[in-house]
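The values are calculated or read from the model by the stated rules, or taken from the named source; none is laboratory data. Remember, it's a predicted structure, so these values are computed and weren't measured experimentally. Reconstructed Cβ throughout: ideal geometry from the backbone, glycine too, with neighbour counts over all protein chains shown.
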Amino acid sequence: MTEKEIAENKIQLEALEAKFDKCIAEINRLNNIIVQTPAVRPTNFLNIKEVTEIAGLSRKTVEDDIERGRLKVVHRGKRRLVTQQAADEYLNK
């Protein structure tokens, strides 16, 4: 290997080291975010029928409120579920 090739390889190696250092810094930043994010606790879910029964409202009324954003739902596959917290907020309005 010539001195020129060695010098070029050294430059490329330094560039790779700089990229590697940036990757490590990003991993550390994301790890800090993960550590600071509170764990999600299991929540009780209600289906739409249960909400209608508890609220004493028709299914159409509840579905209209979902469309208007008055009742927040979580989608699990094809199912729409309401968290206990969202149901409490909806019922206490």
> So which pairs qualify, if the first residue must be in segment 1-24 and among the charged types (D, E, K, R), the second must be part of a helix (DSSP H, G or I) and at pLDDT 95 or above, the Cβ gap must be under 7 Å, and the two must be at least 6 apart or on different chains?
Replying inline: none
>> If I filter segment 41-49 for residues that are surrounded by 10 or more Cβ atoms within 10 Å (Cβ to Cβ) and at pLDDT below 90, do I get at least one hit?
In response: yes
>> LYS60 - would you say it is of a type in the set (Lys, Arg), in a helix (DSSP H, G or I) and either without any contact (Cβ under 8 Å) to a residue 60 or more places away in the chain or at negative phi (or both)?
In response: yes
> Does any residue in segment 78-93 that is in the same structural domain as ASP65 (by TED's automatic domain parsing) come within less than 6 Å, Cβ to Cβ, of a residue that is surrounded by 11 or more Cβ atoms within 10 Å (Cβ to Cβ) and charged (D, E, K, R) six or more places away or on a different chain, and which pairs are these?
Replying inline: ALA86/LYS72
>> Can you find a residue that is surrounded by 10 or more Cβ atoms within 10 Å (Cβ to Cβ), in a loop (DSSP other than H, G, I, E, B) and modelled with pLDDT under 95 anywhere in segment 26-40?
In response: no
